[in-house]
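Below is one structure, written out as structure tokens, with a few remarks after it.
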Amino acid sequence: MRNYALAAAAALATAIAAPASANETRVEVRGGAFIASDDTEATLGVAAGYDADMGPQAFVGAEVSADKLLVGGADIYVGLTGRGGFRVGNGKVFGAGGYTFAEGPNAWHLGGGYEHQFSGNLYWKAEYRHFFTDFDDGDQIVAGVGLKF
């Protein structure tokens with residue numbers, strides 16, 4: 001798990017150290033639910049990422065995240081995610097995919113969401129992710145608020 005945490009810290013440092021002329025660096029807090037089999041658990045997490053413009057409407061980006069199931073004994077799971085999408089008004093519609101490292105089974109994930117800028121550099125978002133494991137697949141639904149700089 002330490003190697004995963006070091007990789008996540010390096011990705012976060014890279015995102016934060018991006019030059020001011022870069023397109024968009026962001027940090028956020030989020031919460032929601034993780035659903036697997038017949039069980040639903042609350043989650044709380046943070047994420048940091050960078051989005052680069054691919055023209056006037058399209059973008060691609062990378063994100064590192066850390067989320068925790070809010071149950072006793074649950075570990076933090078770290079996600080490395082790529083995303084891409086389009087600007088729609090004051091928002092972004094995006095698809096995302098990547099890999100999640102956990103104490104239990106690691107998992108590929110795919111999903112998508114919507115991010116809406118509502119005041120200055122502040123935004124809110126809603127996102128869905130599906131996790132593919134060798135055991136029971138899982139789903140995560142989160143809402144969050146963040147800051148772009």
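General observations
- Proxy reagent accessibility, fewest Cβ within 10 Å first, across Thr133, Thr81: Thr133, Thr81
- A Gaussian network model of the chain, with springs between Cα atoms under 10 Å, assigns the largest mean-square fluctuation among Val64, Val78, Val46 to Val46.
- Charges were assigned to the Cβ only: +1 to each Lys and Arg, -1 to each Asp and Glu. The resulting dipole of the chain about its Cα centre is roughly 680 debye.
- Rounded FRET efficiency, nearest 0.05, which uses the C-beta distance separating Asp134 from Ala42 and R0 of 25 Å: 0.50
- In this rough spin-label picture, where each label sits 7 Å from Cα along the Cβ direction, the Lys68-Leu110 distance is 3.2 nm.
- Remark: Leu69, Leu147, Leu80 ranked as Leu147, Leu80, Leu69, counting other beta-carbon atoms within 10 Å and listing the fewest first.
- Cα-based helix-to-principal-axis angle, 2-16 vs the chain, degrees rounded to 10: 10 degrees
- Cα centroids of the stretch 135-149 and the stretch 59-106: 6 Å apart.
- Shape class for the stretch 79-149, computed from the alpha carbon gyration tensor (a ≥ b ≥ c): prolate, with a/c not under 1.5 and a/b above b/c.
- Burial ordering of Trp108, Trp124, fewest other beta-carbon atoms within 10 Å first: Trp108, Trp124
Since every read-out is calculated from the coordinates, none of them should be taken as a lab result. Model, not experiment: these values are computed from the prediction. No Cβ is skipped: glycine too gets one built from the backbone with ideal geometry, and neighbour counts run over all protein chains shown.
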